[in-house]
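Take a look at the structure set out below.
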Amino acid sequence: MYKIDSQKAEEFICHEEILDTLAYAQSKSQDKELIRSIIEKARLCKGLSHREAAVLLECNDPELVEEIYHLAREIKQKFYGNRIVMFAPLYLSNYCVNSCTYCPYHAKNKTIARKKLTQEDIRREVIALQDMGHKRLALEAGEDPIHNPLEYILESIQTIYSIKHKNGAIRRVNVNIAATTVENYRRLKEAGIGTYILFQETYHKENYEKLHPRGPKSNYAYHTEAMDRAMQGGIDDVGIGVLFGLNTYRYDFVGLLMHAEHLEATYGVGPHTISVPRICSADDIDASTFENAISDEIFQKIVAVIRISVPYTGMIISTRESQRSREKVLALGVSQISGGSRTSVGGYATEELPEENSAQFDVSDHRSLDEIVAWLLKLGYIPSFCTACYREGRTGDRFMSLVKTGQIANCCAPNALMTLQEYLYDYASPETRRLAEDMIRKQMEEIPNPAIRKRALENLERIAEGKRDFRF
């Protein structure tokens with residue numbers, strides 16, 4: 001039944017293939033010769049199959065696990081350098097008709113404060129986000145055809161792009177909304193979205209249906225095939241992910257990689273990003289009741305093996321994770337993080353009262369964007385506010401070809417440094433500015449192409465003079 005290029009969910013995410021893979025991985029978990037051969041294959045930076053990746057995930061030999069971690073760090077550095085892309089979620093509405101048992105937005109929750117932003121509310125939220133320094137947003141909304149129709153989402157995107165406050169501007173809007181039709185994906189593409197993001201939650205069909213007993217999201221096939229429809233609608237940057245803890249992590253790990261393989265085989269380009277959220281508490285949801293919750297150690301291994309299995313794909317981690325947890329996985333593969341996030345509707349412009357909580361999940365990292373930027377700088381990372389590839393049309397296979405050949409470094413490094421310089425002059429605290437200026441000086445010297453380095457230095461001078469928005 002397993003057909004990698006089929007457009008039927010139960011064929012490209014084949015239950016029997018996942019079970020066979022897990023059994024194979026378990027049987028080979030002590031085969032050091034095989035594991036070393038898989039690690040050596042991964043060093044070629046061409047990726048691994050879901051079956052090979054499952055063997056590495058099952059490996060518990062300390063020496064071999066450290067080799068896996070070491071390789072993950074090398075591959076992360078090779079493709080992404082020390083750049084970390086910054087973004088923030090923007091929750092438009094928590095009205096939802098679904099009954100997801102792990103999400104406080106579920107239709108039967110009578111304790112959560114239901115809210116929907118007006119366009120004027122969105123304007124206030126976006127100004128607050130711009131005043132922090134954000135350039136990239138991820139739009140979030142519950143599924144509700146009455147309160148949150150696609151027309152509302154499209155109008156909201158137009159509003160966001162239109163707002164220019166002081167030196168602020170949102171230059172890329174990614175969208176995380178419910179599975180929809182090819183025609184609606186076409187309309188989202190025409191609205192100028194960046195990445196379309198949709199988490200599978202779990203790839204285990206039986207458990208998926210138990211977790212989603214009612215509402216449109218209960219249709220496993222329609223949800224799982226959403227990325228195919230998005231690709232058919234012209235969106236070639238898509239982001240996938242599972243919510244680890246809903247199901248056994250091994251099963252969903254394999255399903256996640258099979259989904260990535262399916263997109264590559266069917267459309268010639270894999271996922272632009274993979275997200276790795278873990279179940280956490282919120283409102284009437286108690287994460288401790290989910291028996292499949294995973295430890296920090298397992299979480300780190302998952303991130304490392306994903307990184308070496310799909311080396312060209314960006315990896316995202318949210319403020320669900322603590323500062324300590326985020327620091328561990330940054331080195332192992334994560335390339336994008338949120339900062340200064342609010343997971344409630346209207347949470348940026350106004351602080352909610354506890355009894356009016358409208359958050360989707362509890363935030364573990366409560367630091368401001370400036371504090372996170374300073375923290376990244378101290379760790380040796382370059383916080384990047386770059387959106388150049390999307391705005392220059394470098395999406396889908398065009399983006400992937402640049403990454404695979406290494407040419408993307410000629411764009412990413414100077415773009416990251418220039419957007420960081422913008423942040424320094426417009427938003428940073430004196431301490432953050434001091435840290436970043438040292439970083440920028442050192443990193444500019446390492447740009448290999450002398451012509452690009454010269455132009456980037458000239459642009460830095462223009463930014464200091466008050467000009468903005470330079471990109472390669």
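What follows draws every value from the coordinates through simple rules; no lab data is involved. For clarity, every value in this text was computed on a predicted model and none was experimentally measured. Cβ placement follows ideal geometry from the backbone for every residue including glycine, while neighbour counts extend to all protein chains displayed.
Evaluated at q = 0.15, 0.18, 0.19, 0.25 Å⁻¹, a Debye calculation over the C-alpha positions of segment 373-471 (equal weights, vacuum) places log10 I(q)/I(0) at -0.60, -0.85, -0.94, -1.38. Working from label points 7 Å from Cα in the Cα-to-Cβ sense, the R471 to K32 distance is 5.0 nm. For segment 406-464, the convex hull spanned by the alpha carbon atoms encloses 68 Å³ per residue.
Of the residues H50, T313, Q26, the one whose Cα sits farthest toward the positive end of the charge dipole of the chain, with +1 on the Cβ of Lys and Arg and -1 on the Cβ of Asp and Glu, is T313.
Taking amide hydrogens as placed 1.01 Å from N in the peptide plane, the amide H of R83 sits under 5 Å from those of I382, each at least 5 positions away in sequence or on another chain. Coupling constants for segment 117-127 follow from the phi torsions by the Karplus curve (6.51 cos²θ - 1.76 cosθ + 1.60, θ = phi - 60°), and in residue order they are 6, 7, 5, 5, 4, 4, 4, 5, 4, 5, 4 Hz; glycine and proline get x. Scaling the Cα radius of gyration of segment 78-178 by the globular reference 2.2 N^0.38 Å produces a ratio of 1.20. Å³ per residue of the Cα convex hull, for the chain? Measuring per residue, one finds 132 Å³ for the Cα hull of the chain. Note on the chain: with charges restricted to the Cβ of Lys and Arg (+1) and Asp and Glu (-1), its dipole about the Cα centre is near 1440 debye. Full extension of the chain segment joining R214 with S49 gains 56.0 nm, where the gain is 0.36 nm per residue of separation less the Cα-Cα distance. Its Cα gyration tensor gives segment 28-105 an equivalent ellipsoid, and the semi-axes of that ellipsoid, as √(5λ) in whole Å with the largest first, are 36, 20, 11. Its Cα gyration tensor gives segment 68-127 an equivalent ellipsoid, and the semi-axes of that ellipsoid, as √(5λ) in whole Å with the largest first, are 37, 21, 7. Amide H contacts of K115: N94, Y95, each under 5 Å away and 5 or more positions distant or on a separate chain (H built 1.01 Å from N in the peptide plane; Pro and chain starts excluded). Taking every alpha-carbon pair within segment 204-320, the share separated by more than 25 Å comes to 25 percent.
For segment 313-468, the relative contact order works out to 19 percent when only alpha carbon pairs closer than 8 Å and six or more residues apart are counted. Annotation: lysines with alpha-carbon distance below 26 angstrom to K41 (same-chain offsets under eight excluded): K3, K28, K32, K76, K78, K301, K328, K404. With helices as the sole contributors, the chain gives -14500 deg cm²/dmol at 222 nm; each DSSP H run of n ≥ 4 counts as -39500 (n - 2.57), and the sum is divided by every residue.
Normalised size of segment 134-180, defined as Cα radius of gyration per 2.2 N^0.38 Å with N residues, equals 1.24. Beta bridges from DSSP with both residues in the chain: antiparallel share about 5 percent, rounded to the nearest 5. Panel order for V373, V55, by other beta carbons found within 10 Å of each beta carbon, from fewest to most: V55, V373. Each Cα pair under 8 Å and six or more residues apart adds its separation to the average, and for segment 118-169 the resulting relative contact order is 62 percent.
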